[in-house]
Amino acid sequence: MQAFLVSAGVVALAEIGDKTQLLSLVLAARFRRPLPIVLGILAATLLNHGLAGALGAYVTTWLGPKALAWVLGASFLLMAAWILVPDKVDADWREKEAQGGMGIFAATVAAFFLAEMGDKTQIATVALAAEYPSLLAVVAGTTVGMLLANAPVVFLGDGFAKKIPLKLTRGIASALFAVMGILALIHGAGQAR
């Protein structure tokens, strides 16, 4: 349960102001059909984070526990810094997707899957899956976190998104990653003895 709750909380906070949250807003404004957009977000996140989680779980098999603790600690600290950097939506991509002729669900799946490639929350999923033994709990948690951050934007639109204090939210998410990084480094140092 801890893996699920930590994963959901960290990703929900990290997603505030992220490019995929902005993408949710763009898709909602463009298509004005929330259900297929939210279902597309769900499908894309399950696929993307499932692959990222599998990578994270695989990393634990070829890195020893000591090296893994140091890599995780450094990864979480880097994520803490990266979260503080705001994201932007690529305007050219929006036009291509809007003109692509795909259905709303398919356009959302494609858009979210591609937008999540190398994104903060995908990297966080890799690190969380390496940290926690339950891949299912991590992927379920990161997916719920993604939906917690993006579904309200899709349903409530711009008015909701503008009321979220982005700096504070990014600061909280950054602090969570920093704490996780420090704990992983402490754990790694303990194993070095």
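The values are calculated or read from the model by the stated rules, or taken from the named source; none is laboratory data. For clarity, every value in this text was computed on a predicted model and none was experimentally measured. Every residue, glycine as well, gets a Cβ built from its backbone with ideal geometry; the counts of neighbours run over all protein chains shown. When the accessible area is computed, the model is the full protein with side chains, heavy atoms only, and any ligands, DNA or RNA have been set aside. Shrake-Rupley method; radii C 1.70, N 1.55, O 1.52, S 1.80 Å.
In segment 114-125, the residues that are open to solvent by 10 Å² or more (accessible area, probe 1.4 Å) form Cβ pairs under 8 Å with partners that are at pLDDT 75 or above and polar (S, T, N, Q), at six or more places apart or across chains, as follows: Ala115/Thr20; Met117/Asn48; Gln122/Asn48.
Collect the residues in segment 1-24 that are at pLDDT 80 or above, of a type outside the set (Ser, Thr, Tyr) and over 11 Å from the mean Cα position of the chain (by Cα), keeping them in residue-number order. Scanning segment 1-24 gives Met1, Gln2, Ala3, Phe4, Leu5, Val6. Can you find even one residue in segment 63-85 that is more than 23 Å from Leu13 (Cα to Cα), at pLDDT 85 or above and over 14 Å from the mean Cα position of the chain (by Cα)? No - not one qualifying residue is present in segment 63-85.
Just one of the numbered conditions (1) closer than 21 Å to Leu156 by Cβ; (2) buried (at least 18 other Cβ atoms within 10 Å of the Cβ) is not true of Leu39: (2). Residues that are among the charged types (D, E, K, R), open to solvent by less than 40 Å² (accessible area, probe 1.4 Å) and in a helix (DSSP H, G or I) within segment 1-36 comprise just one, Glu15.
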